[in-house]
1. Among the residues of region 270-299, write down those that are aliphatic (A, V, I, L, M), over 23 Å from residue 219 (Cα atoms) and crowded, with 16+ Cβ neighbours inside 10 Å.
2. Give region 202-246 a look and list any residue that's out of contact with any Cys (no Cβ under 9 Å at 6 or more places or on another chain), buried (at least 21 other Cβ atoms within 10 Å of the Cβ) and part of a strand (DSSP E or B), or say none.
3. Considering every residue within region 62-81, establish whether at least one is closer than 27 Å to residue 293 by Cβ, of a type in the set (Gly, Ala, Ser) and out of contact with any Pro (no Cβ under 6 Å at 6 or more places or on another chain).
4. From the list 130, 172, pick out the single residue that is crowded, with 19+ Cβ neighbours inside 10 Å, in the same structural domain as residue 78 (by TED's automatic domain parsing), at pLDDT below 90 and more than 21 Å from residue 80 (Cα to Cα).
5. Report every pair of residues separated by at least 6 positions or lying on different chains whose Cβ atoms are under 6 Å apart, first residue within region 208-224 and acidic (Asp, Glu), second at pLDDT 90 or above.
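The values are calculated or read from the model by the stated rules, or taken from the named source; none is laboratory data. Here the structure is a predicted model, which is why all the values come from computation and not from measurement. Here the Cβ is made from the backbone with ideal geometry for all residues, glycine too, and neighbour counts use every protein chain on show.
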Amino acid sequence: MDYAIEAENLIKIYSKSKKALDGVNLKIPKGRIFCLIGRNGAGKTTFLRIVGTQLEPTSGRAVVLGHDVVREPDEIRPRISVVPQEAKVWNFLTPWDYVYYYARLRGMSAREARETCIEALKKLDLYADRNRLCLQLSGGMKQRVLVSMAIVSGAELLLLDEPSIGLDPVSRRQLWSYIRRIAKAGHTIVLTTHYMDEAEALADDIAIIHEGRILVNGDIDQILGENNSSMILEVNGDDVSWTSEYGCEEVIGGKAKIRLGEDERIILEIMAKAREKRCRVTFRRPTLEDVFIRLVGGVDLEPS
């Protein structure tokens, strides 16, 4: 298999007491959407900055598009494009200004820049608004301007650091649609997020990172299948304290979550107890969020 990124025992230490990355091993295939998920401070941005040649690892090795990030960064940079988490558009420029002049900075002629700018803005449904000041654009449209800048370069590899952060639900889903469209055009996309629904909706491959370590890596079916993701029973009611007898994993706001084992008889016991306590019971399939909380650790919130 041809890989866009290969990381071997990647370590980054910012200080003697803090390992931002602690032995990361990852192989990211070309032509796919790869999602690195984790809590704030888990090491997602550090990983992206290293493979984006903005930061050198303390030890270990990272190879991007066949080139070492430390020894051959100049071979990598023309072939990648990065949208940092902190990136913002300036209100008094237009989408055309941003995308066209970025294309020029990437070395395109004026004619080529115009042609690719038109194509990129149309691809992200921004062409009709190309001459509006960014001040007049919605948050979702501003984020699409940044993504347009990333794709206008024709980069093989796009690195998107939490691209949907701060967007409303509709704008997030619109952005997801554009990211899928870009991927279908042949780009490899690596994005970071702490939104589980975003990873489930977009990613071909997923890795969960926690405190600088990769906990799991694979497609969503592999991750769910390999992490004891049996059916989940949810109990809702005024009193769900009794669910602790059945291995309740989490209680939030009057809702208890029980992971079912192989013994089906326990279901009948729980149903009978729920009727007695006037609780409602529902069954559902496990989600990526369930796996994430189990692996990373959550906080039990008792009803107030």
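1. Hits for region 270-299 are 270, 274, 281.
2. Answer for region 202-246, where residues must be out of contact with any Cys (no Cβ under 9 Å at 6 or more places or on another chain), buried (at least 21 other Cβ atoms within 10 Å of the Cβ) and part of a strand (DSSP E or B): 208, 209, 214, 233.
3. Checking region 62-81: not a single residue is closer than 27 Å to residue 293 by Cβ, of a type in the set (Gly, Ala, Ser) and out of contact with any Pro (no Cβ under 6 Å at 6 or more places or on another chain).
4. Only one candidate passes the filter, namely 172.
5. 219/205
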